[in-house]
Amino acid sequence: MKMHKLLLLAVACTWAMGAAAQWQWTDKDGRKVFSDRPPPPDIPEKSILKQPGGNRPARTAVPAAPAASDAAPAAAAAPKTAASAPGAGKDKELEEKKAQAEAAEAAKKKAEDEKIAKAKAENCTRARAAKAAFDAGKPITQANAQGERIFLDGPARAAEAKRIDEIVAADCVR
């Protein structure tokens, strides 16, 4: 009886091995496809979710030979590209893409510089207002580590005035 159970278990395990040899990929419509055969060659490598064996090596599927009807348009297209100036269109496209990338990078840098300039202008305005309050001699309060408001005494007031002067010097340059 024990031998019967072991044999049944061995058969069940071998049967399940067929299910482990499954391919899984996402097709062009975004649906998951499960198969015991590799995906078609037009499926990109990044869309393959699972391969037999659990690892993801490069596919070794041999692409199908083009049919006679497919070979004629491909052969006709090849001479046209060869007949045109070699690389002239590609160079132009490459230069245009490079110019667009440089323009986008320049625009991004300009926007970042404007953002920094705006932040500096705001810091300058706030620092000048704080400096005016310090110069007026008004009592100044700050929150301590416990969140309580305390009045600044002589040394603390001098240190805060120095910090505000440094901010004004750094951010209010024109």
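The values are calculated or read from the model by the stated rules, or taken from the named source; none is laboratory data. Treat the numbers as computed from the prediction; the structure is a model and nothing was measured. Note: ideal-geometry Cβ built from the backbone for every residue, glycine included; neighbour counts use all protein chains shown. SASA here: full protein model, heavy atoms, side chains in, ligands and nucleic acids out. Shrake-Rupley method; radii C 1.70, N 1.55, O 1.52, S 1.80 Å.
Summary table below
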read-out: Estimated inter-spin distance, Asp42 and Ala101, nm [label 7 Å along Cα→Cβ]; value: 2.9 nm
read-out: Around Lys97: net Lys/Arg minus Asp/Glu count, Cβ-Cβ under 14 Å; value: -3
read-out: Residues of type aspartates and glutamates that Lys120 reaches as a straight line, Cα spacing below 16 Å, ignoring anything fewer than 8 places off in the same chain; value: Glu112, Asp165, Glu166, Asp171
read-out: Rounded percent of accessible protein surface that carbon and sulfur make up, segment 103-174, 1.4 Å probe; value: 57 percent
read-out: Label-point separation, Leu6 to Arg128 (7 Å along Cα→Cβ), nm; value: 9.3 nm
read-out: Leu94 accessible area, 1.4 Å probe, all protein chains in place, Å² to nearest 10; value: 110 Å²
read-out: Within straight-line cross-link reach of Lys32, aspartates and glutamates at Cα separation under 16 Å, skipping those fewer than 8 residues along the same chain; value: Asp42, Glu45
